Amino acid sequence: MSAEKLNWRLLIMSTLLAVTSIFQMGYTSAYPNTAIEGFRNYLNKSHNPPFQLLNSEFEWIWSGMLAIYFVGFAIGSIITASIADRIGRKCTLCFGNFGGLLSAIIALFGIVFKLPILFGTSRLLMSLSAGISMNALILLLQESSPNHMKGLISFNGEMAFVITNLIGGLFGMKFLLGDNLAGLIGISIVPSAIACLLSTLLKESPKYLFLKQNDLDGAARSLRFYQNLKDDDEKTNILNELKLEREEMTAKNDTIFDILKKSTA
Ligand SMILES: *[C@@H]1O[C@H](CO)[C@@H](O)[C@H](O)[C@H]1NC(C)=O
């Protein structure tokens, strides 16, 4: 059956999307480990008065900058579902990716103009955006890909994190860009800009279009985009499955209301 065939277009598209959307997250979590001396010098130079940063002060500032990452990512992950239900999966992914791009630009300004507070702010924005992008990406791809490719596509996301982490660690090394922080951060603008461009070219997930917006034609177009379904029978099958899902959803609501009615009666 053609439904079991590997969809190379979807695989390549989702891999590119995963690597570029997750790039900031993997990259910025890894380079602080290898470029720590570069950042120590940067903070020392940016200190007022310059070159009088104490070791204890450095430890505090540095721990704060590292911890911000987890705070932002946790908040981003928690709020994604409600944003994605309101504005859709695609728009949420675009939103997260634009946030990531903006954060890299702010970080670059923070380095060039020796403003550590700006660099710290960029890390908060970056991790918040990364939480949103990553969760929106998983939601969008899981809802849009054919069943037999869902596992492979989740694996893609995890691999993307491992790879971008590796790139961040490598680039942060002294012999690469560890002493050139502006270069280290500036270079990450490229994949983030690609992520923004790619995500605006996507289509909304068929499931969201059909179940949340009741847009049958849009859902059919989205199925053609993601799954390349030329066969009308297959498309009708999938849409029927979604219809069943919607009926189940409303049926469940009915029973909840029934239970409430019964318990208040
Ligand atoms: C900052 O620079 C000064 C002068 O080079 C040095 O003595 C001091 O140890 C540096 N501070 C840190 C935290 O590296």
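Only the coordinates and a few stated rules stand behind these numbers; no lab work does. None of the values given here were measured: they were computed from a predicted structure. So basically every Cβ, Gly included, is an ideal-geometry build from the backbone, and we count neighbours across all protein chains shown.
Below are the figures for this structure:
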read-out	value
P(r) histogram, all alpha-carbon pairs of region 130-179 included - 5 Å bins from 0, percent	4, 18, 20, 18, 13, 10, 8, 5, 3, 0
Spin-label model distance (nm) - LYS114 vs LEU102, 7 Å beyond Cα toward Cβ	2.9 nm
On Cα atoms only, tilt of 216-227 relative to the major axis of the chain in degrees	60 degrees
Solvent-free Debye scattering, log10 I(q)/I(0), computed from the Cα coordinates of the chain at q = 0.17 Å⁻¹	-1.21
Principal-axis tilt of helix 232-264 within the chain, Cα atoms, nearest 10 degrees	90 degrees
For a label point 7 Å along the Cα-to-beta-carbon line of ILE87, residues of region 132-169 with backbone N under 17 Å	132-140
Angle between the chain longest axis and helix 36-46 axis [Cα atoms, degrees, rounded to 10]	70 degrees
Max mean-square fluctuation residue, GNM over the chain, Cα-Cα springs under 10 Å, options ASN180, ASN135, ASN97	ASN180
Candidates PRO50, PRO191, PRO206: whichever shows maximal mean-square fluctuation once the chain is modelled as a Gaussian network with Cα springs under 10 Å	PRO50
For CYS94, CYS196, order by how many other beta-carbon atoms lie within 10 Å, fewest first	CYS196, CYS94
Convex hull (Cα only) mean projected area of region 1-117, reported in nm² to one decimal	10.0 nm²
